[in-house]
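This report concerns only the one structure given below.
Rule-based calculations on the coordinates, nothing more; no lab input. These numbers were taken from a predicted model, which means no experiment stands behind them. Cβ atoms come from the backbone with ideal geometry, glycine included; neighbour counts cover every protein chain shown.
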Amino acid sequence: MKIKKGVSLIDQHDKNFMYGGKFGGNFIPETLKKPIDDLTKLFSKLRREKKFLSERDYHFQTYVGAPTPFIKLENLTDRLGGAQIYAKVVSEANGGAHKIYNATVHCLIAKRAGKKFIVGDTGAGYAGKMLSMAAKKFGLKCKIFMGAKDIKRQRPNVEAMKKNGAEVVPVTTGSQTLVDAVSECMRYWVSNCDLVHNCIGSTVGPNIFIKICAWSTAQISRELMIQVKDEFGKIPKKLKLINCVGGGSSAAGFWNEFMNTNAEFIGVEAGGPKNSKLHAAPLTNGSKIGILHGAAQYVIQDKEGQIGSTESISAGLDYPGISPLHCFLKDAKRARYTSASDEDALKAYELVSKLENISPSLEPSHAFAEAIRLAPKLKSSEVIIVNSCGDSLKDKDIIKQRLGSYIR
Amino acid sequence: MKSKIALAFDRCKKEKRPALITYTVAGDNSKSNSLKILNKISQHADILELGFPHNTPIADGGQIQGSSYRALKKGIKLKDVFQIVKKFKKTNPNKPIILMGYFNLIYQCGENNFLKNCKESGVDGLIIVDLPYPENKLFARKCKKKFISFIQLLAPTTTKNRMRQIIRDSHDMIYYISMLSTTGGKLKVSSKKIIKNYNNIKKINNKINLVIGFGITDKNIRSLKSANGLVVGSLLCKIITNSVQKRQNPVTNLNKMIYKLKKEIS
């Protein structure tokens, strides 16, 4: 399995929409075939259309806020005494996380498709919050599906969604987390695909959703490429780009423009609580390929093919599957994947928030945990960049409960 | 040689009525009850669909999700599903059984291994909810080789051109989804409209056995009786749910309903 040069990663699939012949595809009910075909055609037209691209760029600049800052974490670097640590502070984007890119693009597409109603799923609540924001801005009615467990643990984002006028539908089936929210949202779409546009919140699901999402988040690395060249004059010889992965949307966007460079990609999955058998790290723990939400991917499951339970302190990473794009990057050996435990993520959150002016949410705290582990072993000529793709504010309750106090 | 599914349709055509097709989930509300249900309702039902449950279904409504959940909680495994079919077929060798479910279970089992098990237990047909045309071509061909019907679905969103292709690549039976919905939604399209769509599909090829499913209950089944077959699923799952809640015997309650449904269309 090999990554082709000169072809966008999202387009490196075969005629059945499979990456590396093994990952992705469209395992969907017949009812969704036509809506998905329509969306596929529309998107392939739009991404070549100058007017649409300038619309996207305009909203990314004036609404999302581009570019998001690229900063050196001087104190953290000094403390760890190894590699130079930088952060791409994507959490400075409007709404506080990278989910705004996908949400904005989906709303623009929905408008072009003549849809007035948009639905989406959410885990950490960021995808839902951003979709509700963008829907409000672009004048679309919005409904968000969210696991009942996540509604409880990500209260601030739920409040934001409601404030934006979205209906938040609690999903009470299964584990009541992201996996169930995605299922319920797809079921809702099956029933209403004539009137409703569906926005899957990450690089998962049927192929077109993976494409739209990764195409949208690619903005992160477009900005970063310029910022890196500004800072170093060129791409540093030894550069590590570290990103957390749940569904994998922020990592896909963070790495995209660096695909054909020497930059090393490290994805950090949610290892779950220390000493627990449960986790949300299918790549790290050698899960088998299976089909989840319309796509073949490495997924936590039992021998029969029933999707397995997951556990993570971070709602945004608490998903049994992983984007087919990351499965492809892993098997092609372009990226490597590891995991950080709940405890490691909490410690990383605490250290970064204490020392620096940023406060990563529990999702990117997983990536910081890996950076903190690696940095002291590396030379000062080496550079680590962490995608700080979410703000800790939404995790205030959990952090207070686990650490006694919340700092930001 | 004609398949048992084709023969079942022939019989119903002779009696000038649609085939009554039931859907229940294997292992709901227990392995033994599931078999009892099949044995009992096969007296009135012409074709039996048996769901092999998956815990992340993307096209099922609440009732079937509930049945699947109950079955999985009781620990139902694929091997049990095949056991149920095998035992049923011992006493009802000519009654067609169609397994219905999601592809991941087949993927994990291995396509060939799964089909071997189907053959050995006596499965007549397969409906795989998330394996649409044309991605299903290879698997459909494997099924045909084993004389197992691979049954495809058509939806209100399916384009005419696509319908033609699917029909051309079909065996024995095609399933028309009545409306945009997960299974068991309230019928939000008039029966008249459904029959109109149905007739348009039949015009493409009048010889196919085309059945209608999704949202069919004892209240509306009569209005759809001009179809070759009618599938009732969520209603039956709901009866099992209610029986469990009221501590009644689901087998008798289900049988009463099947009898009623049969009378409505006879």
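For this structure, a couple of remarks:
- Short-range pairs are left out: with C-alpha atoms under 8 Å and at least six residues apart, the relative contact order of chain A is 20 percent.
- In terms of its C-alpha gyration tensor, the stretch A:1-57 comes out oblate, because a/c is 1.5 or above while a/b does not outweigh b/c.
- Taken along the Cα-to-beta-carbon direction at a fixed 7 Å, the label points for A:Lys396 and A:Asn260 span 4.6 nm.
- Note that the stretch A:113-122 has calculated 3J(HN,Hα) couplings of 7, x, 8, 10, 9, 10, 10, x, 10, 7 Hz, one per residue in order, obtained from phi through the Karplus relation 6.51 cos²θ - 1.76 cosθ + 1.60 (θ = phi - 60°); glycine and proline are x.
- Once both labels are positioned 7 Å from their Cα atoms along Cα-to-Cβ, the gap between B:Lys160 and B:Ser190 label points is 2.2 nm.
- Taken one residue at a time, the phi angles of the stretch A:294-304 give Karplus couplings (6.51, -1.76, 1.60, θ = phi - 60°) of x, 9, 7, 6, 5, 8, 6, 7, 8, 4, 6 Hz. Gly and Pro are set to x.
- Packing order of peptides A:36-44, A:170-178, highest average first: A:170-178, A:36-44 (average count of other Cβ atoms within 10 Å over each peptide's residues).
- A Cβ-based charge dipole, computed about the Cα centre of the protein assembly as shown with Lys and Arg at +1 and Asp and Glu at -1, lands at about 3100 debye.
- The protein assembly as shown - share of DSSP beta bridges that are antiparallel (%, nearest 5): 20
- Ranked A:Ser221, B:Ser234, A:Ser388, criterion: other C-beta atoms within 10 Å, fewest first: A:Ser221, B:Ser234, A:Ser388
- Listed residue (A:Val386, B:Ala71, A:Gln306) projecting farthest to the positive dipole end of the protein assembly as shown, Cβ model: B:Ala71
- Shielding value for B:206-216 is 0, the average number of Cβ atoms from other chains within 10 Å of each residue's Cβ.
- Dipole axis of the protein assembly as shown (+1 Lys, Arg; -1 Asp, Glu on Cβ), positive-most option in A:Tyr406, B:Asn92, A:Ala93: B:Asn92
- Anisotropy class of chain B from Cα gyration tensor, a/c 1.5 cut: rounded
- Phi angles of the stretch A:74-81 translate, via the Karplus equation with coefficients 6.51, -1.76, 1.60 and θ = phi - 60°, into HN-Hα couplings of 4, 5, 5, 4, 4, 4, 7, x Hz per residue; Gly and Pro are given as x.
- The mean number of partner chain beta-carbon atoms within 10 angstrom of a residue's beta-carbon across peptide A:177-187 is 3.
- Placing R0 at 41 angstrom, the Cβ-Cβ distance between A:Lys237 and A:Glu343 gives a FRET efficiency of 0.75 after rounding to 0.05.
- Highest-first arrangement of A:23-30, A:284-291, where packing means the average Cβ count within 10 Å: A:23-30, A:284-291
- Burial order of peptide ranges B:122-128, B:85-91 (average beta-carbon count within 10 Å, highest first): B:122-128, B:85-91
- Average other protein chain Cβ within 10 Å of Cβ, residues B:98-104: 3
- Charge dipole of the stretch B:4-265 (Cα centre as origin; +1 on each Lys and Arg Cβ, -1 on each Asp and Glu Cβ, all else neutral): 660 debye, rounded to the nearest 20.
- Total charge dipole magnitude, the stretch A:230-339, about the Cα centre, Cβ charges on Lys, Arg, Asp, Glu only, Debye to nearest 20: 440
- Label-point separation, B:Lys146 to B:Lys2 (7 Å along Cα→Cβ), nm: 2.5
- For the residue pairs A:Lys72/A:Lys229; B:Lys4/B:Lys203; B:Lys144/B:Lys202; A:Lys277/A:Lys333, alpha carbon separations beyond 21 Å are given by B:Lys4/B:Lys203; B:Lys144/B:Lys202; A:Lys277/A:Lys333.
- Local electrostatic count, A:Ser221, Cβ distance below 13 Å [Lys/Arg +1, Asp/Glu -1]: +1
- Whether the stretch A:300-396 is rounded, prolate or oblate, judged on the alpha carbon gyration tensor where a/c under 1.5 counts as rounded: oblate
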